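Taking it in order: structure first as structure tokens, then the write-up.
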Amino acid sequence: MSPFWRPRGCVLWLDFLEPSGNVAYDKSGYGNHGTIYGARRVRTLGRWGLEFDGIDDHAKVPDSDVFNMSDFTIQVLLNVKAVGDTGWQLFLNIPFSFKTYGWMLAFTAPGTEVIFVWAYDGGYEYVHWREDVTKAGWLLITVRYSESEEFADIWRNTEKKMERSPITPYARPSTFPIYIDGGQTINADVALVRIYKRVLTPREIKANCEYFFGRVRREM
Ligand SMILES: [Ca+2]
């Protein structure tokens with residue numbers, strides 16, 4: 001594989017460009033390669049992507065110390081076609097226990113809300129916006145979470161939808177695998193999952209969005 005530009009602080013970069021196989025290669029340089037269970041390689045956006053069909057599909061990135069983060073940014077580029085019937089449907093999470101530990105990016109069934117929740121011993125906090133994601137088409141969702149700056153926020157493409165400050169830090173579970181569609185209920189095409197161990201600037205979020213959607217416009 002040829003050398004390529006790596007975004008600063010990126011610790012997980014799954015672009016799902018491999019045309020076959022069950023390994024999702026991490027391009028961050030940290031070697032956090034994932035394993036795909038059931039999700040299908042599909043052509044999407046004029047390239048390879050991963051389709052989760054909503055039944056028995058998920059992917060998993062193994063435990064790594066680098067995921068024990070107090071400041072981070074999550075970005076996902078996806079097109080959600082359907083979510084499960086009830087409650088919170090996990091799209092990206094570390095082991096999560098309601099009001100105990102962990103974090104999750106989820107959609108509220110049947111498609112009414114995009115929410116990032118983090119739990120601590122005794123409670124939970126969240127940032128969210130209300131939208132039927134199954135009608136949104138391709139979306140870039142960005143979550144920024146910072147214990148050092150005491151805030152979290154969530155972005156829809158280039159628009160910040162909600163901020164919370166101060167925040168209560170999430171409680172870390174003992175191990176940190178990361179699950180994609182861990183609830184195995186989301187039907188979506190996924191083109192990118194990135195996690196950074198730092199907080200991106202608004203300018204970086206906008207630049208990423210323009211880059212990704214420039215590509216979408218060219219390739220759809
Ligand atoms: Ca399936």
query: On the given criteria, is Ala152 at pLDDT 95 or above, in a loop (DSSP other than H, G, I, E, B) and aliphatic (A, V, I, L, M)?
result: no
- prompt: Considering Thr112, Thr108, Thr73, Thr44, which residue is polar (S, T, N, Q) and modelled with pLDDT of 95 or more?
  reply: Thr73
statement: Looking across the stretch 153-162 at residues that are of a type in the set (D, E, K, R) and surrounded by 13 or more Cβ atoms within 10 Å (Cβ to Cβ), the single one that is farthest from Asn79 (Cα to Cα) is Asp153
message: List the residue pairs whose Cβ atoms are under 9 Å apart, where the first residue sits in the stretch 109-124 and is more than 13 Å from Ala171 (Cβ to Cβ), the second is basic (Lys, Arg), and the two are 6 or more positions apart or on different chains.
response: Gly111/Lys135; Thr112/Arg130; Glu113/Arg130; Val114/Arg130; Val114/Arg156; Val114/Lys161
query: Which of the residues belonging to the stretch 2-15 are among the aromatic types (Phe, Trp, Tyr) and either in contact with a helix residue (DSSP H, G or I) (Cβ under 6 Å, 6 or more places away or on another chain) or at pLDDT 95 or above (or both)?
result: Trp13
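Okay, residues lined up against (1) in a loop (DSSP other than H, G, I, E, B); (2) within 16 Å of the ligand (Cβ to nearest atom); (3) touching a Pro at 6+ places or on another chain (Cβ under 9 Å); (4) within 15 Å of Ile195 (Cα to Cα):
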residue	(1), (2), (3), (4)
Gly49	no, yes, no, no
Phe52	no, yes, no, no
Asp63	yes, no, yes, yes
Phe72	no, no, no, yes
Lys81	no, yes, no, no
Thr86	yes, no, yes, no
Lys99	yes, no, no, no
Pro110	yes, no, no, no
- prompt: Which members of the stretch 69-108 meet the condition of being touching a Ser or Thr at 6+ places or on another chain (Cβ under 9 Å), in contact (Cβ under 8 Å) with a residue 40 or more places away in the chain and small (Gly, Ala, Ser)?
  reply: Ser70, Ala82, Gly84
message: Looking at the stretch 183-206 only, could you name the residues that are over 24 Å from Ser148 (Cα atoms) and at pLDDT 90 or above?
response: Gln184, Thr185, Ile186, Asn187, Ala188, Asp189, Val190, Ala191, Leu192
Complete set of residues in the stretch 31-47 that are more than 16 Å from the ligand (Cβ to nearest atom) and out of contact with any Lys or Arg (no Cβ under 9 Å at 6 or more places or on another chain): Gly31, Asn32, His33, Arg43, Thr44
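The values are calculated or read from the model by the stated rules, or taken from the named source; none is laboratory data. Keep in mind that what you see is a predicted model, and the values were worked out from it rather than measured. A quick note on method: Cβ atoms are made from the backbone with ideal geometry, for glycine too, and the neighbour counts reach across all protein chains shown.
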